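Derivation of every value follows stated rules applied to the coordinates shown; laboratory data play no part. If you're wondering where the values come from, they're calculated on a predicted model, not measured in any experiment. We place every Cβ from the backbone using ideal geometry, glycine too, and count neighbours over all the protein chains shown.
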Amino acid sequence: MGGPSRTNATTGINDDEWFVTVLGDGFEPHVDPTNPNIVYAQSQYGGLARFDKQSGEQQNIRPQATDADYDYNWNWDSPFFISTHDNKRLYFASDRVLRSDDMGQNWREVSGDLTRQLDRNTFEVMDKVWPMDAIAKNASTSVYGSIVALAESPLDENLLYAGTDDGLVHVSEDGGETWMKYDKFPGVPDMVYVNELIASEHDRNTVYVAFNNHKNGDFKPYILKSTNLGKSWKSIANNLPERGSVYSIAEDFETGNLLFVGTEFSLFASIDGGDYWKELNKGLPTVAVRDIDIQKRENDLVLGTFGRSFYVMDDYSALQELSKEVADKEAHLFSTRYAYQYQPYSRIAASNTISWLGPKGFQGEDYFLGENPEFGAAFTYYLKDGYKTKKAIREAEEAKKRKDGETVYYPAYEQLKAEEEEEAPFLIFTVKDANGEVVRELKTSPRKGINRIYWDLTYPQITRLNTRDADQSKDFSSGLMVLPGMYTVELSKSIDGEVTLLTEAQSFEVRPLGNVTLPAEDPEAMLAFHKQLNQLSKAANSARNASGEAYERLQYYKGALKALRSNAPSGLASDIEQLEEKLDEINMIMFGDRLAGRLEIQRAPSLNSRINNAIGAGTSSTSDPTGTSKRVAEIAKKQLKPVIEMLKEIMNTDIPEIDSKLKGTDAPWTPGRVLEIDW
């Protein structure tokens with residue numbers, strides 16, 4: 001099958017975006033590196049087709065043994081690949097290595113039978129040789145004696161490797177004219193299945209091999225390395241778990257010492273050529289990792305698992321940069337990959353934020369969705385140690401004492417007070433544009449090790465605040481999307497309110513995805529207009545809040561007037577009445593005639609409606625703003641200015657005058673006043 005590794009969809013990759021390349025128990029497809037419409041797709045026992053993605057046509061290109069007294073022994077999963085030196089050159093293996101130089105139109109043998117040529121019917125299974133009529137003895141099982149691992153050196157087109165299911169490794173340095181056989185490997189039992197062969201991208205003489213003996217009840221990890229074309233071998237299994245057969249190997253294309261292995265239970269990586277292995281299981285279930293590929297353009301690590309789909313580690317460049325020097329630092333900010341800018345979209349009207357739509361829209365629960373990578377720029381960082389609060393340090397010390405059998409007494413009041421007043425530590429990622437202006441600050445709690453945080457390519461939304469925004473360790477919500485261009489990010493720490501820079505700035509690019517039919521002719525002008533709309537929204541929010549506060553005071557003033565009754569000072573009642581009339585007028589301008597709205601009587605749009613329409617018309621598009629949006633914004637600006645002046649008069653004159661008249665009375669408390677004791 002084929003399908004996208006990511007889309008611009010808001011809620012994930014839809015199941016109908018996948019397509020079948022060939023029927024059968026499929027294996028790893030290979031895409032022509034120069035033409036993505038050409039896909040080579042396999043099925044069991046040597047089935048091989050060239051699939052035309054554009055037309056949907058399939059051409060059977062399986063090699064046939066012609067003019068010979070033998071046929072090919074195909075494994076259930078026969079090894080196949082496209083040469084890195086010539087996209088028209090294909091390699092495929094049965095018990096012989098086969099090569100095509102014309103995209104599978106014609107094949108020729110470049111080896112003889114490379115297996116031991118043993119009769120498996122003479123082998124004992126469960127301590128005896130079984131009769132030919134034993135149940136399913138030869139059903140759904142691969143014919144024994146076939147090549148199951150095949151590799152070509154990326155550095156030498158004539159250097160080939162082949163591994164067999166009966167434990168042989170063959171090496172050819174002349175494109176298959178002659179082969180050197182190796183059958184003894186240190187620490188590996190005889191005749192063990194060769195699961196994987198990888199020729200190094202950095203050293204012509206280096207090759208890796210994985211043996212898998214689980215069919216014989218042996219689950220040890222057998223992974224070896226040769227630096228002399230297979231003449232001698234050294235195990236690099238080292239600290240890999242004793243139980244966990246190795247299925248797959250990958251060598252990083254930038255750093256020769258960075259290796260990946262897939263085992264029966266997980267994925268492991270080594271940054272020192274296999275001396276020490278670290279499990280990479282965050283987000284990965286306990287599963288057999290049968291295949292590993294590296295997408296070099298995106299720097300992505302792709303895993304194929306047994307029965308649990310495939311997984312992608314997006315941009316693993318941090319592992320390429322990781323070293324002892326980095327690990328010894330207090331903190332390190334790894335290089336940042338470019339980020340694509342686009343407006344996320346759902347073609348099924350789904351949403352992760354609108355509850356009545358949900359991530360599957362109206363498609364029902366049987367509609368499958370795969371995960372998309374997080375939108376935006378990924379900032380990957382390393383912390384040698386997390387930063388702990390005084391309270392966390394004390395609790396850890398107390399836990400240790402209790403474990404050691406010591407008595408733990410209450411801490412002193414001063415210590416508890418210091419803990420109570422301490423500000424929790426957090427990290428700050430400061431994003432700046434090409435002019436050095438701060439675009440966004442992202443905050444997160446400090447966690448030991450390698451971690452990642454995402455910036456969604458937006459400015460902060462600060463047209464309206466709430467009380468939660470007072471927390472210095474929290475982010476503002478997201479606002480306008482930034483323009484494509486160059487940006488930098490740097491990492492700082494805040495410890496008890498003191499901010500310290502931890503790393504140098506890393507540069508990265510925000511790139512347009514290029515999927516917009518009508519892109520903005522003047523992106524700078526488009527962004528400037530949306531910033532003006534933000535200013536308009538900020539002023540409107542201030543007017544709404546001010547009128548709301550004034551209306552709340554009005555209710556208290558009415559209550560105070562009711563409490564004073566005949567003792568109310570002269571003019572207080574008329575002042576309160578005039579305040580209500582002004583607020584009703586403001587309310588009518590801001591929100592319109594709500595009664596007329598309920599009765600569906602035609603009327604002019606409210607100020608609030610105009611502002612929302614002007615802002616909403618552009619927040620889901622990177623095209624130029626429409627003339628309608630600009631005219632609506634001008635009308636809203638014209639209507640809002642007198643409202644602001646009316647509110648200034650209310651806040652600066654009308655309310656202080658009412659408060660002044662209440663001051664000398666026996667009226668109960670109203671907002672803005674502090675009552676005195678008169679006895």
Worksheet item: Which value in nm describes the separation of the simple spin-label points at ASP52 and LYS388, placed 7 Å from the Cα toward the beta carbon?
Response: 6.7 nm
Response to the item:
Between the modelled labels at VAL408 and ASP456 (7 Å from Cα along Cα→Cβ) the distance in nm is 4.0 nm
Worksheet item: Where does the chain land at 222 nm, in deg cm²/dmol rounded to the nearest 500, when only DSSP H runs of n ≥ 4 count, each adding -39500 (n - 2.57), divided by all residues?
Response: -7000 deg cm²/dmol
Worksheet item: Given the Cα-Cα distance of SER623 and GLU645 and 0.36 nm per residue of separation, how much length would full extension add, in nm?
Response: 4.5 nm
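What value in Å³ per residue do you get for the convex hull of the alpha-carbon atoms in the stretch 491-605?
283 Å³
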Worksheet item: Where the Cα atoms of the stretch 523-663 are projected onto their three principal axes, how long is each span, largest first, in whole Å?
Response: 64, 35, 20
Response to the item:
Among (1) 160; (2) 326; (3) 269, the value of volume of the Cα convex hull per residue in Å³ computed for this structure carries the label (3)
Practice prompt. Can you tell me how much longer the chain between SER323 and ASP272 gets when fully stretched, taken as 0.36 nm per residue apart minus their C-alpha distance, in nm with one decimal?
Written response: 17.5 nm
Worksheet item: What FRET efficiency do you get for ASN652 and GLU585 if R0 is 25 Å and r is their Cβ-Cβ distance, rounded to the nearest 0.05?
Response: 0.90
Worksheet, complete the sentence: Long-range amide H partners of ARG62, meaning residues 5 or more apart or on another chain whose placed amide H is closer than 5 Å, are LEU48
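Which of LYS296/LYS443; LYS324/LYS474; LYS558/LYS663; LYS388/LYS493 have a Cα-Cα distance over 23 Å?
Among LYS296/LYS443; LYS324/LYS474; LYS558/LYS663; LYS388/LYS493, the Cα-Cα distance tops 23 Å for LYS296/LYS443; LYS324/LYS474.
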Worksheet item: What share of all Cα pairs of the stretch 522-564, in percent, falls into each consecutive 5 Å distance bin?
Response: 7, 19, 13, 13, 10, 9, 9, 6, 6, 4, 3, 2, 0
Worksheet item: With a sphere of radius 10 Å drawn around the Cβ of PRO221, what net charge do the other residues whose Cβ falls strictly inside it have (Lys, Arg +1; Asp, Glu -1)?
Response: 0
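Quick one: if the Förster radius is 51 Å, what FRET efficiency do LEU23 and ASP469 give, using the C-beta to C-beta distance and rounding to 0.05?
On the way: r = 57 Å, r/R0 = 1.12.
For R0 = 51 Å, the calculated efficiency reads 0.35.
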Discussion item. Run the reach check for LYS448 against aspartates and glutamates, Cα to Cα strictly under 13 Å, same-chain hits fewer than 8 apart removed. What comes back?
Written reply: ASP328, GLU330, ASP385
Item to complete: Please give the peptides 85-93, 572-580, 156-164 ranked by average Cβ packing (other Cβ atoms within 10 Å per residue), highest first, as a rough proxy for protection.
Response: 156-164, 85-93, 572-580
Fill in: Charge context of ILE348, other residues only, Cβ under 12 angstrom, K/R +1, D/E -1
-1
Worksheet entry | Cα centroid separation - the stretch 501-565 against the stretch 93-135, whole Å | 71 Å
Worksheet item: Number of Lys-Lys pairs in the stretch 93-222 under 20 Å by Cα, sequence gap 8 or more or different chains?
Response: 5
Discussion item. Quick check: net charge around GLY304, other residues with Cβ under 11 Å of its Cβ, Lys/Arg +1 and Asp/Glu -1?
Written reply: -1
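For LYS231 and ASP71, what does the FRET efficiency come to when R0 = 30 Å and r is the distance between their Cβ atoms, rounded to the nearest 0.05?
Efficiency, rounded to the nearest 0.05: 0.35.
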Discussion item. What does the extension gain come out to for LYS184 and ASP102, with contour length at 0.36 nm per residue minus their alpha carbon separation?
Written reply: 25.9 nm
Worksheet entry | Projected area, mean over directions - the stretch 85-175, Cα convex hull, nm² | 7.4 nm²
Worksheet item: Out of every Cα pair in the stretch 1-150, what percent are spaced more than 28 Å from each other?
Response: 33 percent
Practice prompt. Please report, in debye to the nearest 20, how large the charge dipole of the chain is about its Cα centre when each Lys and Arg carries +1 at its beta carbon and each Asp and Glu carries -1 there.
Written response: 1880 debye
